[in-house]
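Below is one structure, written out as structure tokens; comments come after it.
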Amino acid sequence: TKHIHGIMGLLSLLFDGVIISSACAGIRRVAGVNIGHMATNRVKNEALRGVLAGFFRVGEVCVDVGTQFARKYGSKALEEGTKRTGRGGGRS
């Protein structure tokens, strides 16, 4: 069971990393503050800077995929939910 706990701990850290990098991507898009760029510019080591840039790229990809999914299926899901519940689900 120690092995399973170690794997679960690692997966939890990876998931947390994806959440944090996605939040940074969202902040960049909404507020225009590029946290990833600011962070990578402070790192002098080329290898570490590459790893950090990759970390922030993961968040950008996740936000891109989520946005595409919402654009493709969001309005369809909203319409289906409105039909099932009989309630208007549009914006006020």
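The values are calculated or read from the model by the stated rules, or taken from the named source; none is laboratory data. What you see is a predicted model; the values in this text were computed from it and never measured. No Cβ is skipped: glycine too gets one built from the backbone with ideal geometry, and neighbour counts run over all protein chains shown. Quick note on the areas: whole protein, heavy atoms, side chains included, nothing else; ligands and nucleic acids left out. Shrake-Rupley method; radii C 1.70, N 1.55, O 1.52, S 1.80 Å.
Based on the Cβ-Cβ distance of Arg49 and Ala70, what FRET efficiency does E = 1/(1 + (r/R0)^6) give at R0 = 25 Å, to the nearest 0.05?
Using R0 = 25 Å, I get an efficiency of 0.20.
Tell me, what % of the accessible area of the stretch 6-74 is carbon and sulfur with a 1.4 angstrom probe?
C and S atoms contribute 70 percent here.
In nm, what is the difference between 0.36 nm times the number of residues separating Arg57 and Ile4 and their Cα-Cα distance?
Result: 16.2 nm gained on full extension.
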